[in-house]
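Here is the structure we will look at, set down as structure tokens.
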Amino acid sequence: MAVTMMKYELAGAPDLLPGEATCYEFRPGEEAEALKFLAERSIHTVFMATLIRDNGLVSPNNRGSFYGCRNRAGKLEGIALIGHATIIEARTDSAVAAFAQLAAHTEHAYLIRGERKTVDQFWQRYAADWQQPRLISRELLFEKIDAAIEFEPVADLRPATLDDIEHVLNVNAILAFEEGGINPFQRDPAGFRARATRRIQQGRIWLWMSDGKLIFKADMVGDTPEMIYLEGIYVHPQERSKGLGKSCLAQLSSMLLRRSGSICLTVNQRKTDTVAFYVKAGFDFHSEYETIYLR
């Protein structure tokens, strides 16, 4: 199928030959090619693949635009979501450089996230000499492919309903502030609520409530047949170190692995107790990640 490309001038990239890398914005109808490319490294691309599966390539729910990068032979070398969050899946240095030059002209960007080596390379191309990040968070990516771990069943672990939304929002706001330093209730209250509402309606938030208290919660922010990505995992402070969080996470993982090949999550490398918690729950270290929060 012929692809109409929107060419982008790669100013400031002296090691790129003219025409070596061409960025173009994806159009509706190109979803199959994009998803096939992303499925080759599903642990790193599950978030983008989920957006495309849910919304298509062009949708305001993506909070950005999907771009492809092809070499002179027309081979796809990278896919990037550029917008509120910039996420890069690039197979060549040329693709990283091309996406960085493109993203440098994007307004209202909030963060850049991905494999640490790729993000560092991207930042060198993206940032002006005077530009400094607001915050850099170094993270560890963990994966679980085997549900074989003993746990005490939790009868009341269930998908969240809209009746639970205030509990979910309050916890997610705390987690977002702890990680990125910004309260989503202040930055984008309507959008924050709308995204949580939609996730609940999709059956992608699981929790355990007891006597009106949220004991455990986990959000599925990526959901494909190859990979499920968990985020916003929370255990009530008064219930930690009792084995309850481990049981909930193990039980949820067991259910999810019946319909997906693997589960992944990230954790800030400074949170050594949380890292130990995930290891006890059967997750194995995969690779290093990095999130750069922009000013």
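Taking (1) in contact with a Leu (Cβ under 9 Å, 6 or more places away or on another chain); (2) within 26 Å of Arg259 (Cβ to Cβ) in turn, Asn170 satisfies each apart from (2). Does Pro189 satisfy being surrounded by fewer than 17 Cβ atoms within 10 Å (Cβ to Cβ) and within 29 Å of Phe285 (Cα to Cα)? Answer is no for this residue. Pairing each residue of segment 224-246 that is over 17 Å from Cys264 (Cα atoms) and open to solvent by 10 Å² or more (accessible area, probe 1.4 Å) with any residue that is part of a strand (DSSP E or B) and β-branched (Val, Ile, Thr), provided the two are 6+ apart or on different chains, yields C-beta distances under 8 Å for Val235/Ile215; His236/Ile215; Glu239/Ile215; Leu244/Ile215; Leu244/Val235. Against the criterion of being under 17 Å from the mean Cα position of the chain (by Cα) and among the hydroxyl-bearing types (Ser, Thr, Tyr), Ser65 qualifies.
Tell me, please, whether a residue that is touching a Cys at 6+ places or on another chain (Cβ under 6 Å) and either open to solvent by less than 60 Å² (accessible area, probe 1.4 Å) or among the charged types (D, E, K, R) (or both) can be found in segment 41-54. Checking segment 41-54: at least one residue is touching a Cys at 6+ places or on another chain (Cβ under 6 Å) and either open to solvent by less than 60 Å² (accessible area, probe 1.4 Å) or among the charged types (D, E, K, R) (or both).
If you go through segment 126-136 one residue at a time, do you hit one that is on the phi < 0 side of the Ramachandran plot, of a type in the set (A, V, I, L, M, F, W, C), in contact with a Ser or Thr (Cβ under 6 Å, 6 or more places away or on another chain) and assigned to a loop (DSSP other than H, G, I, E, B)? There is no residue in segment 126-136 that is on the phi < 0 side of the Ramachandran plot, of a type in the set (A, V, I, L, M, F, W, C), in contact with a Ser or Thr (Cβ under 6 Å, 6 or more places away or on another chain) and assigned to a loop (DSSP other than H, G, I, E, B).
Take the conditions (1) surrounded by fewer than 20 Cβ atoms within 10 Å (Cβ to Cβ); (2) touching a helix residue (DSSP H, G or I) at 6+ places or on another chain (Cβ under 6 Å); (3) not aromatic (Phe, Trp, Tyr); Thr197 misses just one of them, which is (2).
Screening segment 105-136 for residues that are hydrophobic (A, V, I, L, M, F, W, C) and open to solvent by less than 50 Å² (accessible area, probe 1.4 Å) and picking the one that is nearest to Ala176 (Cα to Cα) gives Leu111. Does Ile88 fit the bill of being buried (at least 22 other Cβ atoms within 10 Å of the Cβ) and touching a residue at least 24 places away in the same chain (Cβ under 8 Å)? Yes; evaluated as a whole, the condition is true for this residue.
Does Gly180 satisfy the condition of being open to solvent by less than 70 Å² (accessible area, probe 1.4 Å) and over 18 Å from Leu294 (Cα atoms)? Can you show your working first?
On the way: open to solvent by less than 70 Å² (accessible area, probe 1.4 Å): yes; over 18 Å from Leu294 (Cα atoms): no.
In short, no.
Taking segment 207-216 as the range and being touching a residue at least 40 places away in the same chain (Cβ under 8 Å) and either closer than 12 Å to Leu244 by Cβ or surrounded by fewer than 21 Cβ atoms within 10 Å (Cβ to Cβ) (or both) as the test, the residues that pass are Trp208, Met209, Ser210, Leu214, Phe216.
Across segment 268-289, the number of residues qualifying as within 20 Å of the chain's Cα centre (by Cα) and surrounded by 21 or more Cβ atoms within 10 Å (Cβ to Cβ) comes to 3.
The values are calculated or read from the model by the stated rules, or taken from the named source; none is laboratory data. These numbers come from a predicted model, not from an experiment. Ideal geometry is used to build each Cβ from the backbone, glycine not excepted, and the neighbour counts take in all protein chains shown. When the accessible area is computed, the model is the full protein with side chains, heavy atoms only, and any ligands, DNA or RNA have been set aside. Shrake-Rupley method; radii C 1.70, N 1.55, O 1.52, S 1.80 Å.
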